[in-house]
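Here the structure comes first, spelled out in structure tokens, and everything after it is commentary.
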Amino acid sequence: DGGITQSPKYLFRKEGQNVTLSCEQNLNHDAMYWYRQDPGQGLRLIYYSQIVNDFQKGDIAEGYSVSREKKESFPLTVTSAQKNPTAFYLCASSTTPGNSPLHFGNGTRLTVT
Amino acid sequence: GESVGLHLPTLSVQEGDNSIINCAYSNSASDYFIWYKQESGKGPQFIIDIRSNMDKRQGQRVTVLLNKTVKHLSLQIAATQPGDSAVYFCAENIRSGGGADGLTFGKGTHLIIQP
């Protein structure tokens, strides 16, 4: 079965700690994305990567960092600099950015207290 | 203080009726549009897409209509079922980066199916 796996499904952290969210895909897609979703709102782009070893900031990159060392993997680190980290985080991938659908994982719900 | 999230538009329909969910998109340069369905606690799931050279596209129980003149997209779901209850998002392909940086998503409509 091809797809995107995000782990863990739920994550709890204390304020001031960095935390890394995992995203793995076996769809052989070049492009990968991280979105943040808050209650009652649409998806906002955090970071994206079109190819291995390259990534770009999205609309709300402050307080986040990513890496893309392998085609299959695009982990997201939520740093202590992110002022409002509690949210639902979605990872996605696509074959042809802008001309094909994004395929999403089932998300990680991060709660920071 | 307490932050209050935005309330999603809600559409309530009787089971078996047809549903129409509307979306106004923002960029006249967008040429690819997608509808997603998101169930609670899950990621968005692809429903149907349409390119700007088409006005209508049909899938299984779903139809997407595109009106480029008024930048309007709609999703019609025939004979709605309880499993159709979800939040529905439209998305367009043009962002500031010209398309390679993902999709622009609408805020979503919550579809509720009444028994």
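Once the range B:30-74 is narrowed to residues that are among the charged types (D, E, K, R) and under 16 Å from B:L111 (Cα atoms), the residue that is surrounded by the most Cβ atoms within 10 Å (Cβ to Cβ) is B:K37. B:F33 falls short on exactly one of the conditions (1) within 15 Å of A:G98 (Cα to Cα); (2) within 10 Å of chain A (Cβ to nearest Cβ); (3) assigned to a strand (DSSP E or B), and that condition is (2). Residues that are surrounded by 18 or more Cβ atoms within 10 Å (Cβ to Cβ) and at pLDDT below 95 were ranked within the range A:86-99; the one that is farthest from the other protein chains (Cβ to nearest Cβ) is A:S94. Scanning the range A:62-73 for residues that are open to solvent by 60 Å² or more (accessible area, probe 1.4 Å) and not in a strand (DSSP E or B) yields a count of 3.
Within the range A:39-61, not a single residue is among the aromatic types (F, W, Y), in a loop (DSSP other than H, G, I, E, B) and either within 14 Å of chain B (Cβ to nearest Cβ) or in contact with a Pro (Cβ under 7 Å, 6 or more places away or on another chain) (or both). Within the range A:6-29, not a single residue is within 13 Å of chain B (Cβ to nearest Cβ), without any contact (Cβ under 8 Å) to a residue 24 or more places away in the chain, part of a strand (DSSP E or B) and surrounded by fewer than 16 Cβ atoms within 10 Å (Cβ to Cβ).
Can you tell me which residue among A:L102, A:L76 is touching a residue at least 40 places away in the same chain (Cβ under 8 Å), away from chain B (no Cβ under 13 Å), in contact with a strand residue (DSSP E or B) (Cβ under 8 Å, 6 or more places away or on another chain) and surrounded by 22 or more Cβ atoms within 10 Å (Cβ to Cβ)?
Working: A:L102 fails: away from chain B (no Cβ under 13 Å).
Residue meeting the stated conditions: A:L76.
The values are calculated or read from the model by the stated rules, or taken from the named source; none is laboratory data. Given the structure is predicted, the values throughout are model-derived calculations rather than measurements. Note: ideal-geometry Cβ built from the backbone for every residue, glycine included; neighbour counts use all protein chains shown. The area values use the complete protein model at the heavy-atom level, side chains included, leaving out ligands, DNA and RNA. Shrake-Rupley method; radii C 1.70, N 1.55, O 1.52, S 1.80 Å.
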